[in-house]
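Taking it in order: structure first as structure tokens, then the write-up.
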Amino acid sequence: MTMRCVLCALLAGLAATACVDVTEPVLGGDYMGSLQSSNAQEGAAVFNLARPGLQSLSAPGRILIGRARGADSVRVLMINDPRVLVGGPISFVARMESGQAPPASQVLAVVAPDNDHRLFMIDYRIHFTRAEPSAIRVSEARVRSAENANAVTESAITFARAASEFLGEGPGLSAEEREVLDGRGNSDGGYDLGDLRYFLARNPSQIPTSSSWSP
């Protein structure tokens with residue numbers, strides 16, 4: 001083959017390559033966020049999500065409260081039904097603007113289905129995959145009724161006050177109230193996310209209906 005033929009073959013190959021369509025992953029839309037850990041079931045979690053490009057969060061059948069922290073992040077409190085004895089996965093749908101990848105995340109606190117505080121947050125992370133229709137399903141489980149829970153009403157305490165510090169809004173409870181809730185909760189020496197979940201189980205009228213967030 002002459003040098004001219006070799007050159008022609010190379011040019012033809014380059015031309016053919018230029019016509020090949022390169023498929024890039026489509027970014028934006030709905031992503032399923034799931035708390036990844038060695039435990040399949042959890043009671044509740046608090047985490048931060050990067051805010052740029054984040055349009056909304058939703059978790060039907062679960063408690064989801066979000067608080068924007070400036071333009072950079074959102075603090076999220078997620079609680080599986082506190083009356084359900086077996087807990088469940090911590091999962092939600094994040095809707096992103098077109099062209100935006102799922103948000104960066106940082107897990108701050110996790111409690112088990114029995115409301116004991118999980119340790120070593122470095123072992124926990126939020127993993128995102130493409131959300132499928134009806135991706136979030138609330139698992140069926142036995143629910144403890146208020147009558148069987150021997151509920152004791154903490155009439156002066158509201159969910160907003162009890163949850164305020166987990167949402168980065170500062171302590172909403174007095175030292176005495178924090179001590180009372182810990183004593184009626186997991187009794188581990190300090191007020192934490194598990195005690196909040198115990199509080200809701202004792203006071204089902206305080207369970208919020210919020211299951212979504214948007215700016």
**OP:** Would you pull out the residues with amide H under 5 Å of THR158's amide H, same chain only if 5 or more places away, H placed 1.01 Å from N?
**Re:** none
**OP:** Taking every pair of alpha-carbon atoms in the stretch 29-97, give the share separated by more than 18 Å as a whole percent.
**Re:** 37 percent
**OP:** Report ³J(HN,Hα) in whole Hz for each residue of the stretch 31-41, in order, from the Karplus equation J = 6.51 cos²θ - 1.76 cosθ + 1.60 where θ = phi - 60°; Gly and Pro get x.
**Re:** 10, 8, x, 10, 6, 9, 7, 7, 10, 6, 10
Original post:
In terms of modelled amide H atoms, which long-range or inter-chain residues lie less than 5 Å from the amide H of SER56?
Top reply: ARG95
Subject >> Only Lys, Arg (+1) and Asp, Glu (-1) charged, at Cβ; the stretch 29-209 dipole about Cα centre in debye >> reply: 500 debye
Subject >> Fewest-first ranking of PHE128, PHE120, PHE92, using other Cβ atoms within 10 Å as the exposure measure >> reply: PHE120, PHE128, PHE92
Original post:
Amide H neighbours of SER211 under 5 Å, counting only residues 5+ apart in sequence or on other chains, H built in-plane at 1.01 Å?
Top reply: LEU64
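Every number in this text was worked out from the coordinates using simple rules, so none of it is lab data. Bear in mind that the values here come from a model prediction, so they are computed numbers and not experimental data. Quick reminder, even Gly has a Cβ in these numbers, built from the backbone with ideal geometry, and neighbours come from all protein chains shown.
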